[in-house]
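Data block below; observations after.
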Protein chains: 2
Amino acid sequence: MTIEKGYTTTLSVDGVTIDRRDIEMLEAIDDHGSMHSAADELGRSYARLQNRIVEIEDAVGPVTERRRGGRGGGGTVLTQNARDLRRRFDRHAAELNGVARVTESVISGTVRDRTGELATVETTVGSILALVPEDASEVQVSIRSDAVVLTDPDETPRGDDTSLRNRFSGTIVEVESGDAIDRVVVRLGDGATLQALVTRASAERLGLEAGRSIMASFKATAARGIGVDSRSES
Amino acid sequence: MTIEKGYTTTLSVDGVTIDRRDIEMLEAIDDHGSMHSAADELGRSYARLQNRIVEIEDAVGPVTERRRGGRGGGGTVLTQNARDLRRRFDRHAAELNGVARVTESVISGTVRDRTGELATVETTVGSILALVPEDASEVQVSIRSDAVVLTDPDETPRGDDTSLRNRFSGTIVEVESGDAIDRVVVRLGDGATLQALVTRASAERLGLEAGRSIMASFKATAARGIGVDSRSES
DNA sequence: CGGCGTTGTATCGACATAGATACTACGATA
DNA sequence: TATCGTAGTATCTATGTCGATACAACGCCG
């Protein structure tokens, strides 16, 4: 039984929620120059599609310029507004896609101190500065592997001059080579591990391989805590 | 007109898709100890709710232990399976929530070189190493503000010993103070700006304020390019 | 002028989802 | 044993979404 993380991307503007279907509709209109052919290609009914366009325009403003008349006389073209919307959606989707694909490391701990959203979480591997939005004392801190920076421990005696607030030394347990990206698993101590995504070039430059000791850092703003109520303890 | 980024979180297991509603259902059952009271609290019909439980269990395995009999005799309690599912969902939701809330910086450029997912993107502020999944030559590179590391330019002559592949010098344009987190806008040159989220403590330590020159770095794996076809040019 | 392919609008029906209702089975407790 | 509050099941109905269909308005083009 494998559990797959999923999501749907949306943009909300003034009440209406634009989803992927809407964006595909705009793309099809852009490709074919008319709502009718767009509806045909998408296998949708023209009536619904046209209604949806009007619905969107009521909220977003004009996304199309529509002219009646056939045989070269009429048609529909997108406005810049629509193109902006589309790009915005694509960016948002790409970001979410990144999150869904990237592995995350989870470390449990208890909140020691907090000022606003920022909290100090005490864990078995040490204190972690993280964002924990909810009011919780027992938390799981989740760190996305694309936010973990690896540095050579020999050449970085300091750490006061960056905004990287969380720094841990560990040893590399595993290096999984990908296409151009390697996934590195770092054991921090006490069994807790941290995964990092690094480019192949960085991996070679740092000489990353199993057994090497390494420094793993990540920003407090990239670490997120999720409250765990006592009931849910394993 | 403000556009709000949105998303819906789901977990897919063996055909069924568990959404927030399902998780809330599990929480309500956990709180009240019976499906009936859970249905009452949620304003849902018992029949549907019970059906949904069975549906989920067909795919996920047992998430409840249900016993008939009233007045202390019966009731429903969650299994560890359900608690794991719930926590997993919460983590996933928290990650996505982070993405939706965090601002991003966008820099346009053209792909120069690529090996697999990794590409060198030529922009007005210099080359950026980024992940660009699709086959595109004109891209927009999007960098989440929680992935940008700020460092003091005077004290960081190096750059070879970390996995931070993208480093740019710039000047701070704006510092917006939040609760415990500050949002810093850095001008890289040519009008392109990069936003960074840093803790208040880091901001003070680095002496971040408008006009200060600063080094902004981010990992290649945290920079994502989205293809822009020629039509959509502004 | 007639035809064709558009936009625009209204209505009907298919379908899926979920609430409403009713009834059975069950088990601890008063 | 009667009661009460559970679980389990079946059926009907409301609702919302979308496709299907039909038709009017429009405008270029042959």
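Values for this structure:
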item	result
Criterion: in contact (Cβ under 8 Å) with a residue 12 or more places away in the chain, basic (K, R) and touching an Asp or Glu at 6+ places or on another chain (Cβ under 8 Å) - qualifying residue of B:R200, B:R114, B:R167	B:R200
Any chance B:E41 is within 14 Å of another protein chain (Cβ to nearest Cβ) and either surrounded by fewer than 14 Cβ atoms within 10 Å (Cβ to Cβ) or outside any strand (DSSP E or B) (or both)	no
A:A59 vs. criteria facing chain B (nearest Cβ under 9 Å), within 16 Å of DNA strand D (Cβ to nearest atom) and either touching a residue at least 40 places away in the same chain (Cβ under 8 Å) or buried (at least 19 other Cβ atoms within 10 Å of the Cβ) (or both)	yes
Those residues of the stretch B:14-38 which are without any contact (Cβ under 8 Å) to a residue 60 or more places away in the chain and outside any helix (DSSP H, G or I), in sequence order	B:D14, B:G15, B:V16, B:T17, B:D19, B:G33, B:S34
Tally, over the stretch B:64-80, of residues that are more than 6 Å from DNA strand D (Cβ to nearest atom) and in contact (Cβ under 8 Å) with a residue 40 or more places away in the chain	2
Exclusive hit being closer than 24 Å to A:E4 by Cα and near DNA strand D (Cβ under 8 Å from one of its atoms), set B:I23, B:I18, B:I53	B:I53
Sole exception among (1) within 23 Å of A:V99 (Cβ to Cβ); (2) hydrophobic (A, V, I, L, M, F, W, C); (3) open to solvent by 20 Å² or more (accessible area, probe 1.4 Å) for B:V125, by number	(1)
Selected residue (criterion: farthest from B:A192 (Cα to Cα)) from residues of the stretch B:127-151 that are acidic (D, E) and facing chain A (nearest Cβ under 10 Å)	B:E134
Failed item, numbered, when B:S163 is tested on (1) more than 7 Å from chain A (Cβ to nearest Cβ); (2) in contact with a helix residue (DSSP H, G or I) (Cβ under 6 Å, 6 or more places away or on another chain)	(1)
Qualifying residue in the stretch A:214-234 (condition: out of contact with any helix residue (DSSP H, G or I) (no Cβ under 9 Å at 6 or more places or on another chain), facing chain B (nearest Cβ under 10 Å) and assigned to a loop (DSSP other than H, G, I, E, B))	yes
Options A:G75, A:G69; residue that is more than 23 Å from B:G227 (Cβ to Cβ), over 34 Å from the mean Cα position of the chain (by Cα), surrounded by fewer than 17 Cβ atoms within 10 Å (Cβ to Cβ) and within 8 Å of DNA strand C (Cβ to nearest atom)	A:G69
Count of residues meeting criterion [surrounded by fewer than 16 Cβ atoms within 10 Å (Cβ to Cβ) and in contact (Cβ under 8 Å) with a residue 24 or more places away in the chain] in the stretch B:44-55	1
Residue in the stretch A:86-106 that is touching a residue at least 24 places away in the same chain (Cβ under 8 Å) and over 30 Å from A:R21 (Cα atoms) present	yes
Test result for A:D154, surrounded by fewer than 16 Cβ atoms within 10 Å (Cβ to Cβ) and facing chain B (nearest Cβ under 7 Å)	no
Residues satisfying the stated conditions in the stretch A:90-120, i.e. within 27 Å of B:P133 (Cβ to Cβ), buried (at least 16 other Cβ atoms within 10 Å of the Cβ) and more than 9 Å from chain B (Cβ to nearest Cβ)	A:S105
Within the stretch A:173-203, considering residues that are farther than 24 Å from A:G126 by Cβ and open to solvent by 50 Å² or more (accessible area, probe 1.4 Å), the one nearest to the other protein chains (Cβ to nearest Cβ)	A:D179
Test for B:V186: is it under 24 Å from A:L129 (Cβ atoms) and out of contact with any Cys (no Cβ under 9 Å at 6 or more places or on another chain)	yes
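Conditions (1) of a type outside the set (A, V, I, L, M, F, W, C); (2) part of a helix (DSSP H, G or I); (3) more than 30 Å from B:L188 (Cα to Cα), marked per residue:
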site	(1), (2), (3)
B:G69	yes, no, yes
B:L85	no, yes, yes
B:D90	yes, yes, yes
B:L96	no, yes, no
B:V99	no, yes, no
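The values are calculated or read from the model by the stated rules, or taken from the named source; none is laboratory data. From a predicted model like this one, the values you see are computed outputs, not experimental measurements. Positions of Cβ are backbone-derived with ideal geometry, glycine not excepted, and every protein chain shown enters the neighbour counts. The area values use the complete protein model at the heavy-atom level, side chains included, leaving out ligands, DNA and RNA. Shrake-Rupley method; radii C 1.70, N 1.55, O 1.52, S 1.80 Å.
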